[in-house]
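Accompanying notes for the structure given below.
Nothing in this text is a laboratory measurement; each read-out follows from the coordinates by a stated rule. Quick caveat: nothing in here was measured; it's all calculated off a predicted structure. All Cβ positions, even for glycine, are placed from backbone atoms using ideal geometry, and neighbour counts span all protein chains on display.
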Amino acid sequence: MILQNKVALVTGGTAGIGRATAIAFGAAGAKVVFSGRRDAEGETTSAMIRETGAECLFVRSDVSSDQEVKALIEETVATYGRLDFAFNNAGFGTLPKPLHEQSVEDFDSMMATNLRGVFLCMKYEIQQMLTQGAGVIINNSSVAGLIGIPGMGPYTGSKHAVMGLTRSAALDYAKQRIRINAVNPGYIRGTEVVTSKSLQEIGMTLEQFDSMVSSSIPMGHRGQPEEIAATVVFLCSDAASYITGQPKRDRWRSHSELIFDCRSWNHSESIHFKREQPDLILGEIE
């Protein structure tokens, strides 16, 4: 097991990519602490982690709260003695719509979780890792942290900011043996920012939404949470010991031309944009 006897923390670990990563950490031999705001889903995830033979601890926590994040790190260390890996995954998005229609309340709520939450987690994780002399942090950004996406200004802004935190902190702590990277998933199954109800309002089903998204992906299908989890585990392992300050994207947008039907966003025509930026080279920090 590549992470045997290590201690891993996952925020937003009660569903989707967070749950899959918490399970993957356990399967790789780590002791797992994960947080979230839903007790029932936390119990379910705990049972799934224990099926791998791993020890785990669920902590109910809101990442936008300074006191709760500080307490989360303290409870992790009090229970298992250290913190080797952290996956700052907690975050959310909303149904796309033009920026002028976005509410201030939704913007503030999104920034509190997606940006402030990552900052607070990194702050207290790094403090602990400095006392240990090493550690690895992986932030869950998004492909929206690398490009612009029409109709998703606040979400895109929050994820670009996560990339800024990641790159700057990687430079700050590289010499202290703390590696900091990010994953940048696209539309991964089980992580929808839209619901059946919200899609009904625009005359679309989840199946139609899935088909629309899948048709824009060269491989013809969406990724699974477990595939992102495997990337996170790799980045925490010794096999990635020379990687820091890097975004790791899924490859569905590389060198591809995408067309989004924006009639669902109350636009009269489709928005068409092209992405041709080559993949980054590992070892560089932008």
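Expressed in units of 2.2 N^0.38 Å, where N is the residue count, the Cα radius of gyration of the range 58-102 is 1.67.
Between L171 and R82, what is the FRET efficiency for a Förster distance of 22 Å, r being their Cβ-Cβ separation, to the nearest 0.05? Working shown, then result.
On the way: r = 24 Å, r/R0 = 1.10.
In this case the efficiency is close to 0.35.
Using just the alpha carbons, could you tell me how many Å³ per residue the convex hull of the range 96-192 encloses? Don't jump to the answer; show the numbers that get you there.
Values: hull volume 9.5 nm³, N = 97.
Dividing the Cα hull volume of the range 96-192 by its residues yields 98 Å³.
Taking amide hydrogens as placed 1.01 Å from N in the peptide plane, the amide H of K248 sits under 5 Å from those of A182, V183, N184, each at least 5 positions away in sequence or on another chain. Overall size of the range 81-136 from C-alpha positions, given as principal axis extents largest first: 47, 15, 15 Å.
Counted residue by residue at 0.36 nm each, then reduced by the alpha carbon distance between them, the extension gain from E41 to M1 reaches 11.7 nm.
When each of the peptides 50-59, 2-11 is scored by the mean number of other C-beta atoms lying within 10 Å of its residues, the order from highest to lowest reads 2-11, 50-59. Dividing the C-alpha radius of gyration of the range 1-121 by 2.2 N^0.38 Å, with N its residue count, gives 1.12. Applied to the range 47-64, the Karplus parametrisation 6.51 cos²θ - 1.76 cosθ + 1.60 on θ = phi - 60° returns per-residue 3J(HN,Hα) values of 4, 5, 5, 5, 5, 7, x, 8, 7, 8, 9, 9, 10, 6, 7, 10, 5, 7 Hz, with x for Gly and Pro.
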